[in-house]
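Reviewing the structure listed below.
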Amino acid sequence: MWNIWDLSILLSALSLVIMLFLIARRVLQERRSKAAADQRRQLLNALIAFTESRDREVLKTAILSVPAGVAINTGFEFISLLRGEEHDDVLAAFKECGLPALVGRQLEKGNGAERIHAAEMLAALRSEGAVASLLSALDHDRSREVRIAVAIALCDLNSLPPLGIALRKIGVAGQRSRRLIELFRRFPHARLEELADHAARADAVPFIRAAAIDALARAGGFRFADLFARLADDASSEVAAAALRALGLTGNADAPAILSTAMTKGDWEVRSAAADAAGRLGLAELGRPLSKLMGDEVWNVRYAAANALRSFGQPGERLLRQIADSEVSRSQRTASLILAEGPAV
């Protein structure tokens with residue numbers, strides 16, 4: 001039967017073995033990292049030399065001399081820096097070395113982060129089978145984040161399915177991913193009407209509609225100003241706030257009346273967005289409703305209103321000083337704070 005001393009010796013020996021194992025593992029990882037860094041440096045030097053010599057055979061030899069993972073990651077980083085003929089020549093070398101096929105396998109069998117990276121690389125490599133591989137991943141990948149990355153890659157390749165179909169494949173239930181906003185912002189200009197149609201759908205997910213409005217404001221400009229004006233009174237506060245922010249970027253003939261009405265809404269995000277839009281558009285005639293918002297119960301609304309007044313220059317500053325000189329209140333404290341920050345930049 002084990003006594004306490006024997007057990008103590010056994011546990012000490014076991015601890016020593018585990019410690020030695022961890023040390024050996026750490027040394028091995030450091031050696032692998034150093035080897036990968038050396039291989040990456042070697043390939044980068046070859047890629048830089050290729051931009052001068054254009055000797056594709058030498059570059060292909062360098063690509064094949066390093067592990068596929070190093071070649072894929074290093075090549076992807078380098079390709080993103082190139083344009084024109086250099087970009088096309090490096091792509092051709094990578095294709096001839098079979099790297100797109102390796103990236104395709106990574107898209108199928110890698111972990112989540114590797115599959116997202118593979119989708120981005122396939123879009124950059126623009127290989128013959130890239131679209132087919134990405135469409136398959138959009139249909140079958142188990143991760144929604146990966147499917148969004150795949151959709152972005154397809155968008156870059158101008159091969160994204162119709163928006164309704166793409167969103168159904170991605171899955172929009174409970175969707176709050178910021179990557180979806182990135183997808184919409186990279187939507188082809190020729191297909192912006194699809195985004196507009198989806199933004200106008202009352203039965204669509206509010207977050208998706210708001211993301212579409214944001215993308216339309218940035219890419220379409222005044223072209224969709226009338227749509228934003230209509231959606232500023234949407235039943236969804238998230239959509240209404242997005243439409244008001246969009247109006248702040250594009251403007252509209254009815255903007256003063258729309259923003260003035262929105263400043264009286266029950267949802268604080270709508271009131272804040274209206275105040276911010278008024279400041280962006282320089283609508284000094286909205287000084288009175290903005291002054292009322294200075295007493296709003298929500299800090300974000302008060303700060304947005306104060307910032308808007310400050311952006312009007314001297315007329316707004318006079319209003320702020322009048323409020324700051326009044327009796328102590330929410331509006332007085334907010335005005336004092338915004339004046340202490342100095343003039344608008």
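Remark: relative contact order (region 22-129) = 22 percent; criterion is Cα-Cα distance under 8 angstrom and separation of 6 or more residues. Rounded to the nearest 0.05, the FRET efficiency derived from the C-beta distance between Ser53 and Ala92 at R0 = 22 Å is 0.90.
Can you give the net charge of the other residues whose Cβ lies under 9 Å from the Cβ of Thr264, counting K and R as +1 and D and E as -1? For residues surrounding Thr264, the net value is +3. The trypsin sites (Lys or Arg not before Pro) of region 66-109 meeting both criteria, a DSSP state outside H, G, I, E and B (loop) and at most 14 other C-beta atoms within 10 angstrom of the site's C-beta, are Arg83. Taking amide hydrogens as placed 1.01 Å from N in the peptide plane, the amide H of Gly295 sits under 5 Å from that of no residue at least 5 positions away in sequence or on another chain. Cross-link partners for Lys95 among the aspartates and glutamates, with Cα-Cα distance under 18 Å and sequence neighbours closer than 8 places in the same chain left out: Asp55, Glu57, Glu77, Glu85, Glu86, Glu120, Glu128.
The calculated FRET efficiency for Thr264 paired with Ala173, based on their beta-carbon distance and R0 = 22 Å, is about 0.10.
For region 41-47, backbone phi angles converted through the Karplus equation (6.51, -1.76, 1.60; θ = phi - 60°) give residue-by-residue couplings of 5, 4, 5, 4, 4, 5, 5 Hz, Gly and Pro being listed as x. Enclosing the Cα atoms of region 61-158 in their convex hull gives a volume equal to 90 cubic angstrom per residue. Across region 183-198, computed HN-Hα scalar couplings (Karplus, 6.51 cos²θ - 1.76 cosθ + 1.60, θ = phi - 60°) run 4, 5, 5, 9, 5, x, 4, 5, 10, 5, 4, 4, 5, 4, 4, 6 Hz from first to last residue, x flagging Gly and Pro. Nonpolar atom fraction for region 205-345, defined as the carbon and sulfur part of the 1.4 Å probe accessible area, stands at 49 percent. Taking Lys and Arg as +1 and Asp and Glu as -1, the other residues whose beta-carbon sits under 11 Å from that of Ala123 total 0.
Other residues lying with their Cβ under 10 Å from the Cβ of Leu339 contribute a combined charge of 0, Lys and Arg counting +1, Asp and Glu -1. Annotation for region 244-322: GluC sites (Glu not before Pro) lying in DSSP loop with at most 15 further Cβ atoms inside 10 Å of their Cβ are Glu297. Straight-line cross-link partners of Lys265 among the lysines, defined as a Cα under 30 Å from its Cα and at least 8 positions apart when in the same chain: Lys292. Only Cα pairs under 8 Å and 6+ residues apart enter the sum, and on that basis the relative contact order of the chain stands at 7 percent. Computed about the Cα centre, the dipole magnitude for region 79-215 is approximately 640 debye when only Lys and Arg (+1) and Asp and Glu (-1) carry charge, each at its Cβ. Calculated accessible area for the chain comes out at 54 Å² per residue, all protein chains present (probe 1.4 Å; ligands, DNA, RNA ignored).
The values are calculated or read from the model by the stated rules, or taken from the named source; none is laboratory data. Source: prediction; values computed, not measured. Neighbour counts run over all protein chains shown; Cβ positions are idealised from the backbone, glycine included. Just the protein is used for accessible areas: all its heavy atoms, side chains included, with ligands, DNA and RNA removed. Shrake-Rupley method; radii C 1.70, N 1.55, O 1.52, S 1.80 Å.
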